[in-house]
Amino acid sequence: MGYRNLQSCVANLERTGALIRIDEELSPDLEIGAVQRRVYQAGGPALLFTRVKGCPFPMLGNLFGTLDRTRYIFRDTLHAVERLVQLKLDPRTLLKEPQALLSVVPAALHLLPRKVSRGAALAHRISLDRLPQLKSWPMDGGAFVTLPQVYSESVRRPGVRHSNLGMYRVQISGNSYAANEAGVHYQIHRGIGFHHAEALEEGVPFRVNVFVGGAPSMTVAAVMPLPEGMPELSFAGLLAGHRIDMVDLPGHLPLPAEADFCIVGSIDPRRTLPEGPFGDHLGYYSLCHDFPVLKVEAVYHRPGAIWPFTTVGRPPQEDTSFGAFIHELTGPLIPSVIPGVKAVHAVDAAGVHPLLLAIGSERYVPYAERNTPQELLTIANAILGQGQLSLAKYLMISCHEDDPHLDVHDIASFLRHVLERIDLTRDLHFQTATTMDTLDYTGGALNSGSKVVFAAVGEKRRTLATELPADFRLPDGFTAPHLCLPGVVAVQGPLCGSATGDGDADMERLCRSLEGVAGLDSIPLLVVVDDSRFTAASLNNFLWVTFTRSDPASDIYGVGAATVRKKWGCRGPLVIDARVKPHHAPPLIDDPEVERTVDELGAPGRPLHGII
């Protein structure tokens, strides 16, 4: 069955050649994280760093670095998980295949955690500063736990049934934290927030445990978008192929018997301290903000403990493999949760939350010609009200009946389909002041921004340009047009100096200059950027620049724009200002000296030769 602890997983991966040891001493301050990122980009093995400078514990990186390796880790249980998902989708499977129930009953028995009287996790006790001090990027505010399993329970209804296990980054040094304090950064729409709100209403602290390592299924469970009411510990048991053993610790929350490390403590719901900065998965730093403080009461570790970690940055990174694996498990469920939805894809290259692609049905008036989005708008509202999908900033939705073979994962084809059909005077739908992903600074304030829905229905309205028009002209200050995709042009604009929401005079001037210009019907989307050659060099570059550097309400302009009955649209091309703005967070840049150290590890005779 599945691995009960990290040690057995590491041993098996090493035997099969899927893990290598790095026996050279490396620092957790930038060096180890840079190695992990480079090996991930090369599609390389898991890495066990056995000599961590200033730390007695080995560190494990890139464990989930490829989708194939992630599938292999859970090879014994994937079939049962898939069968349970299938049964939820179509209970009629039991009538057609009664043996299907027999195949999932044993797996279902693993959903309930098991209480045990003792566990390896409590064997040793240390201070917080003895943990690996991982710093991933030069401007990070301190050391962070990057694969934490943060466990909390309801103060009103304690117990596993009303528990939450989430992956919220934990800062264990730096800033103004005391020696026994850690910052807990959780974003909006996270389960721990409900427990925090309860504690605030009751006027009492709430207990929190941070687990690191243990059964690999625990790490995956901490990032799973599970239905409300299903404890992550239950899913961890299902994916592990065995019940999760939990040890009661008097005065504290229970903890996994097989965890490598456990940080136990409590949070005063009224107290915060500055946390960050931290190089995050959008490819920029999340800045320093006040977040809850964990008062650490004890730190435990098992014999032979291993510290698993990851680093994040501009995608793709190791969390991309997490996302792909989670989509394989949960993607089929989405149509059963939101009626009319055929498929949804959160685009990793755009930072996941900034861009969502969806396909839905258009069945409201099936006997009439499809030329106006109707049901699609209902579906779009439902998507934006569903769990973490609600954090989407740009939602592009198309009609299944227009092209039953359209695939949301073929991003270039999907964008082409939408841009061929969208009516820019009618089919853009804004939410101009709403909550936004905590890590997205394009709206100008924490957790604040806007959304836009692009809804495309019907026959093709235009043929998209596959080369720039011969007489394409731009006003002063706008140069170097490059075709990114059919119908999509990137233009290099002047540096942006305007504050968010003020409107930009240069953008308005560009739009006025293009009014009445012939040949623009085939270019429905114009993106103004700081470096048009870089933006057009690859699809991933275009997606990252366009959707991580723009806020719909502030940064969308249009040629021939007008507002009719409070509905904004444009007759000519849609123009997105995707330049870096003064209020944006800085992008992540590797330290050149550290990168040279990584290069040297790839030289002949060194541990990464032939890998990077």
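Looking at (1) touching a residue at least 60 places away in the same chain (Cβ under 8 Å); (2) open to solvent by less than 50 Å² (accessible area, probe 1.4 Å), which one does ALA18 not meet, given that it meets all the others?
ALA18 satisfies every listed condition except (1).
Tell me which residues, restricted to segment 383-415, are of a type in the set (Gly, Ala, Ser) and at pLDDT 95 or above.
Within segment 383-415, SER398, ALA412, SER413 qualify.
Just wondering, is there one or more residues in segment 392-399 that are in a loop (DSSP other than H, G, I, E, B) and crowded, with 20+ Cβ neighbours inside 10 Å?
The answer is yes; a qualifying residue exists.
Working carefully through the options ALA358, ALA350, ALA346, find the one that is among the aliphatic types (A, V, I, L, M) and open to solvent by 30 Å² or more (accessible area, probe 1.4 Å).
ALA346
Taking segment 119-143 as the region of interest, how many residues are aliphatic (A, V, I, L, M), in a loop (DSSP other than H, G, I, E, B) and surrounded by fewer than 21 Cβ atoms within 10 Å (Cβ to Cβ)?
2
Please give the number of the condition PHE194 fails out of (1) closer than 24 Å to GLY276 by Cα; (2) in a helix (DSSP H, G or I); (3) open to solvent by less than 50 Å² (accessible area, probe 1.4 Å).
So the condition that PHE194 fails would be (3).
Would you check which residues across segment 488-524 are aliphatic (A, V, I, L, M) and in contact with a strand residue (DSSP E or B) (Cβ under 6 Å, 6 or more places away or on another chain) and list them?
If the condition is that a residue be aliphatic (A, V, I, L, M) and in contact with a strand residue (DSSP E or B) (Cβ under 6 Å, 6 or more places away or on another chain), then VAL488, VAL489, ALA490, VAL491, MET507, ILE523 are the ones that fit.
Would you check if SER498 is within 18 Å of VAL575 (Cα to Cα), surrounded by fewer than 22 Cβ atoms within 10 Å (Cβ to Cβ) and among the small types (Gly, Ala, Ser)?
yes
Being at pLDDT 95 or above, closer than 30 Å to ALA561 by Cα and not hydrophobic (A, V, I, L, M, F, W, C) is true for just one of ARG596, ARG579. Which residue is that?
Of the residues listed, the single one that is at pLDDT 95 or above, closer than 30 Å to ALA561 by Cα and not hydrophobic (A, V, I, L, M, F, W, C) is ARG579.
Exactly one of these conditions fails for VAL564: (1) modelled with pLDDT of 95 or more; (2) open to solvent by 50 Å² or more (accessible area, probe 1.4 Å). Give me its number.
Among (1) modelled with pLDDT of 95 or more; (2) open to solvent by 50 Å² or more (accessible area, probe 1.4 Å), VAL564 violates only (1).
Residues that are in contact with a His (Cβ under 9 Å, 6 or more places away or on another chain) and among the basic types (Lys, Arg), at least 3 per element: which helices (runs of 4 or more DSSP H) completely within segment 517-582 meet that?
none
Any chance segment 561-571 includes a residue that's under 24 Å from ARG38 (Cβ atoms) and in contact with a Gly (Cβ under 6 Å, 6 or more places away or on another chain)?
No, the conditions are met nowhere in segment 561-571.
Please determine whether any residue of segment 310-319 is more than 28 Å from SER173 (Cβ to Cβ), in contact with a helix residue (DSSP H, G or I) (Cβ under 9 Å, 6 or more places away or on another chain) and open to solvent by 10 Å² or more (accessible area, probe 1.4 Å).
Scanning segment 310-319 turns up at least one residue that is more than 28 Å from SER173 (Cβ to Cβ), in contact with a helix residue (DSSP H, G or I) (Cβ under 9 Å, 6 or more places away or on another chain) and open to solvent by 10 Å² or more (accessible area, probe 1.4 Å).
Looking at GLY54, GLY43, which one is within 17 Å of VAL598 (Cβ to Cβ), open to solvent by 30 Å² or more (accessible area, probe 1.4 Å), in contact (Cβ under 8 Å) with a residue 12 or more places away in the chain and part of a loop (DSSP other than H, G, I, E, B)?
Exactly one of GLY54, GLY43 is within 17 Å of VAL598 (Cβ to Cβ), open to solvent by 30 Å² or more (accessible area, probe 1.4 Å), in contact (Cβ under 8 Å) with a residue 12 or more places away in the chain and part of a loop (DSSP other than H, G, I, E, B), namely GLY43.
Checking ILE244 against (1) touching a helix residue (DSSP H, G or I) at 6+ places or on another chain (Cβ under 8 Å); (2) surrounded by fewer than 23 Cβ atoms within 10 Å (Cβ to Cβ): exactly one of these is not met. Which one?
The failed condition is (2).
Residues to consider are ASP129, ASP76, ASP140; find the one that is among the acidic types (Asp, Glu), within 23 Å of VAL223 (Cα to Cα) and at pLDDT 95 or above.
Of the residues listed, the single one that is among the acidic types (Asp, Glu), within 23 Å of VAL223 (Cα to Cα) and at pLDDT 95 or above is ASP140.
Only residues that are of a type in the set (Asp, Glu), surrounded by fewer than 20 Cβ atoms within 10 Å (Cβ to Cβ) and modelled with pLDDT of 95 or more: list them for segment 512-561, please.
ASP530, ASP531
Among what's in segment 144-166 and is assigned to a loop (DSSP other than H, G, I, E, B) and either at pLDDT below 95 or of a type in the set (S, T, N, Q) (or both), pick the residue that is most open to solvent (accessible area, probe 1.4 Å).
ARG157
If you go through segment 583-596, how many residues are outside any loop (DSSP other than H, G, I, E, B), open to solvent by 40 Å² or more (accessible area, probe 1.4 Å) and in contact (Cβ under 8 Å) with a residue 24 or more places away in the chain?
1
Got a sec? Which of ARG473, ARG509 is farther than 30 Å from PRO373 by Cα, assigned to a helix (DSSP H, G or I), open to solvent by 50 Å² or more (accessible area, probe 1.4 Å) and not acidic (Asp, Glu)?
Going through ARG473, ARG509 in turn, just one is farther than 30 Å from PRO373 by Cα, assigned to a helix (DSSP H, G or I), open to solvent by 50 Å² or more (accessible area, probe 1.4 Å) and not acidic (Asp, Glu): ARG509.
Considering only residues of segment 440-456 that are open to solvent by 10 Å² or more (accessible area, probe 1.4 Å) and within 14 Å of ASP280 (Cβ to Cβ), which is nearest to the chain's Cα centre (by Cα)?
Residue satisfying both the conditions and the ranking: TYR441.
List, please: which pairs have Cβ atoms under 9 Å, are six or more places apart or on different chains, and start with a residue in segment 174-198 that is under 12 Å from VAL293 (Cβ atoms) and end with one that is assigned to a helix (DSSP H, G or I) and open to solvent by less than 30 Å² (accessible area, probe 1.4 Å)?
ASN180/LEU128; GLU181/LEU128; ALA182/LEU128; VAL184/ILE192
Checking MET230 against (1) aliphatic (A, V, I, L, M); (2) free of Cβ contacts under 8 Å to residues at least 12 places away in the same chain; (3) buried (at least 19 other Cβ atoms within 10 Å of the Cβ): exactly one of these is not met. Which one?
Single failed check for MET230: (3).
Where in segment 284-378 are there strands (runs of 3 or more DSSP E), lying wholly inside it, with at least 2 residues that are aromatic (Phe, Trp, Tyr)?
Passing ranges, in order: 289-301, 307-309.
Quick check, is ALA259 in a helix (DSSP H, G or I) and buried (at least 24 other Cβ atoms within 10 Å of the Cβ)?
no
The values are calculated or read from the model by the stated rules, or taken from the named source; none is laboratory data. A quick note: this is a predicted structure, and the numbers were derived from the prediction, not measured. Positions of Cβ are generated from backbone atoms using ideal geometry, with glycine treated the same way; all protein chains shown enter the neighbour counts. Accessible surface areas use protein heavy atoms only, side chains included; no ligands, DNA or RNA. Shrake-Rupley method; radii C 1.70, N 1.55, O 1.52, S 1.80 Å.
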